[in-house]
Each structure stands twice: as structure tokens, then as C-alpha cells.
Amino acid sequence: MPHSPVNSAADSSAAPPSPPPDEAAVNHLIDSERHHMPRPDFLRSIDLTSRQDSVNWILKVHSHYQFGPVTAFLSVNYLDRFLSSNSLPQKANGWPFQLLAVACLSLAAKMEERYVPLLLDLQIFEPKFVFEPQTVQRMELWVMASLNWRLRSVTPFDYIDYFVSKLSRSGSESDFTGPVVAISSDLILDTLRVIDFSGFPPSLVAAAAVVAAARESADLPETFYERVNKEMVRSCLQLMEVYLMDTCPSVGHKDRSISEPPPPPSPDGVLDAAAACVSCDTRSENLVTGSMSGGSESREVGPQNKRLRSSASNI
């Protein structure tokens, strides 16, 4: 099923509301979710700092090229799913994560965007090493094989219109739908920086984001939870309140906090509340960088060594 037509928060508020997916389509999406999620135990072995820096870089490039929100989500989804079934060298000066981030963003852009920059042009924001297109393309093949070629992933954006259509509200449709879709989209993008959310299925993330976005102007009928577990939605919602709505001034959603009874602990496989809010830690100046083994297929970028451009096209 195609992804939601939301391309940006600004576009969401201006575009006419899309017809919600039918029940059969939503059931199919939910049945397919498990094939597009990282393994439940991958959080136990992942390098959290390297993963965080990779996600921050992906989001910076995503913003620079004004890619759609689905592109950002797919990029991180590919990265987490790859890391859940593969190990990267731990003592390699950081280059494996940088290469993986470039490959995942490139693949996601090819899936979603009309214009995809050249692989060399994609590697911006002064990375220490710039990988040759052939090197990135080989990494793309490894990623695709690890994902069993399931690149058309189910994302929370597939469900936004469905859950918005379940809300009871007053006022005009356009005045309500546009802002809720826009705020939900922003919250979903914010979850990418917090690894705890990777353990929640996309439908739960979408439901929690819609509840957070519409809480003050809509009622939640019981039919809202026909396709998702209510307690798990509340668990996801609690994480949003802790990481995205209360502790991060840049998000600006604090006034939409939900006043409900304390939700139950997060589901199995999801980290409990961490000591620090990693969603606030952009650390854009500490990008993960490195070179390919042997140093023959990457160029180190220093003050005296400018990056070379290439006319080689992507796959």
C-alpha cells in the first residue's frame, strides 16, 4: 500500500485531507509490520552512541535536501533493521556506521524522492571521510540483502489518516485534520532520535502521535483502539511525553501533554526510561566518520584536502 502523501509539516496543513485507508488495508499493514521491524533483542548489542550520531547525520541531510518525512523514517528503519542482524567492526574509527548511514539514506531517497542527489553530493556536512560511489553501492546491496529486499516498509505515516478518521471532534474537517496530521508527523520524526521507540510497531507509534496531537480538541472513542492495544499505545505515549514533549524545548508540544493515569511499563524489548534524554542530544558536530578497510576506497577530508566531485550516477 502506498505511503501517506504527507511530505512535510507545512504541506500537511495546507493539503486537503486524504481518504483514510479501509479496514482491510489497515489489517494487511498491521499483519506485515513484524517484517519491517528490527529484532526485539537488537538493543542489547548496539553501539548507542554510533547509532545516535548516524541518525543525527541522516536527519541533517534529510532537512538540507528537504526530503519527505517517510524518507527519514525509512532511512533509520533500514539502519536499525540492518544492525539487528549484522555486526559492524567496533574498532574502525567509526567509518562503518558512517558508510551504513549514507547507504540507508540513499536507499530511502531512491524509494521516496523524485530527485536523488549523487552519492558524493549526499555526503555533506564535512564528513571526515567521503566514500566512493562504488563503495556505497556495495553497502546498499548488503543492506538490501539483509532486509530480504523489503524496502517498501510499513511506517507510522501509513496510519495517520486512519487514526485521525477515528477521532470524534467538533468544528470543520480541514481546520482539525491539517494541524493534527502536521503535529503527528513532527512527533513521529522526533521518535527517530530515541531508540526506545524502535520496539513499538508503526501502528502504535502512529496512534500515540495522533492522540498526543489531538488530545485537547478531540475525544477518543473505543473504536480508536480496534486495531491497536490500548495499554501499549499509552506506553508509547508516555515515552513521547518524557522524551519529546516535556524535556525538549525545541519540540514545542509541551502544552499538549496528556493528563491520563500513569501508563504501564514499556513493552518487552523496549528500553525503560533512560537516564538522559537522547532526543535532545543532536551532537551534530560529532558525526561518525571513517574510511573503508585498507583506505583504498575513501578519501579523508582535511583542511588541505577538499572533496572531489564525480559525475557517476547512482544505481
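The values are calculated or read from the model by the stated rules, or taken from the named source; none is laboratory data. All values derive from a computational prediction rather than experimental measurement. Here Cβ is always computed from backbone atoms with ideal geometry, including for glycine, and neighbour counts include all displayed protein chains. To get the accessible areas, we keep the full protein, side chains included, count just its heavy atoms, and leave off ligands, DNA and RNA. Shrake-Rupley method; radii C 1.70, N 1.55, O 1.52, S 1.80 Å.
If I filter region 82-98 down to residues being out of contact with any Ser or Thr (no Cβ under 7 Å at 6 or more places or on another chain) and in a helix (DSSP H, G or I), which single residue comes out as surrounded by the most Cβ atoms within 10 Å (Cβ to Cβ)? Here the residue is LEU83. Restricted to region 102-188, the set of helices (runs of 4 or more DSSP H) holding at least 1 residues that are open to solvent by 40 Å² or more (accessible area, probe 1.4 Å) and closer than 30 Å to THR223 by Cβ comprises 160-165.
Would you say ARG81 is charged (D, E, K, R) and in contact with a helix residue (DSSP H, G or I) (Cβ under 9 Å, 6 or more places away or on another chain)? Against the criterion (charged (D, E, K, R) and in contact with a helix residue (DSSP H, G or I) (Cβ under 9 Å, 6 or more places away or on another chain)), ARG81 qualifies. Is there a residue being touching a Pro at 6+ places or on another chain (Cβ under 8 Å) and at negative phi anywhere in region 132-152? No: region 132-152 contains no residue that is touching a Pro at 6+ places or on another chain (Cβ under 8 Å) and at negative phi. Residue count for region 44-67, restricted to those that are over 15 Å from the mean Cα position of the chain (by Cα), modelled with pLDDT under 95 and within 26 Å of ILE160 (Cβ to Cβ): 0.
For the criterion of being at pLDDT 90 or above, open to solvent by 20 Å² or more (accessible area, probe 1.4 Å) and within 19 Å of the chain's Cα centre (by Cα), ASP281 fails. For beta carbons closer than 6 Å, sequence separation of 6+ or different chains, a first residue in region 37-48 that is open to solvent by less than 50 Å² (accessible area, probe 1.4 Å) and a second that is among the polar types (S, T, N, Q) and outside any helix (DSSP H, G or I), the qualifying pairs are PRO38/SER84; PHE42/SER84.
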